[in-house]
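K.L.:
Sharing a structure below in structure tokens format, with a few things to ask.
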Amino acid sequence: MLTTITAQQIWFPTKNLFLISILLVTIFKNFLSSFSSTDNEDDMSSSVVEQEQQQQQGILNRCPWPFIFFHDIKQAMKDTPTWIVITWAFLKLASKKVVASQ
């Protein structure tokens, strides 16, 4: 008996798209940070000092992620959760188009 396989079964299931988006953003951010650190070795000491100052300030001195969009959009676009959601939405739309085309 022949079993038919739908396009939904071939393409990534929706529940896995979020995990894939987390993985893609993490890899991309690590790639960018390693690429920029090799170019600017003189600025390494200043960036380390800035990172230490940010860690000393603590997380409570900064607005939580979804609420930062109300007053500091530049910082919100630098945050990892923003790019995870953007990547997840792109993958979701892409998977719908792939399923619809088959």
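K.L.:
Evaluate the following for Gln8: is it in contact with a helix residue (DSSP H, G or I) (Cβ under 8 Å, 6 or more places away or on another chain), assigned to a helix (DSSP H, G or I) and modelled with pLDDT under 60?
P.N.:
Here the answer is yes, as Gln8 does meet what is asked.
K.L.:
Starting from the range 64-78, keep only residues that are among the small types (Gly, Ala, Ser), then list their pairs with residues that are surrounded by 14 or more Cβ atoms within 10 Å (Cβ to Cβ) whose Cβ atoms are within a distance under 6 Å, requiring at least 6 positions of separation or different chains.
P.N.:
As it stands, the answer is Ala76/Ile68; Ala76/Phe69; Ala76/Thr82, since those pairs meet every condition given.
The values are calculated or read from the model by the stated rules, or taken from the named source; none is laboratory data. The structure displayed is predicted, hence computed values, not measured ones. Counting neighbours? That spans all protein chains shown, and the Cβs are built from the backbone with ideal geometry, glycine included.
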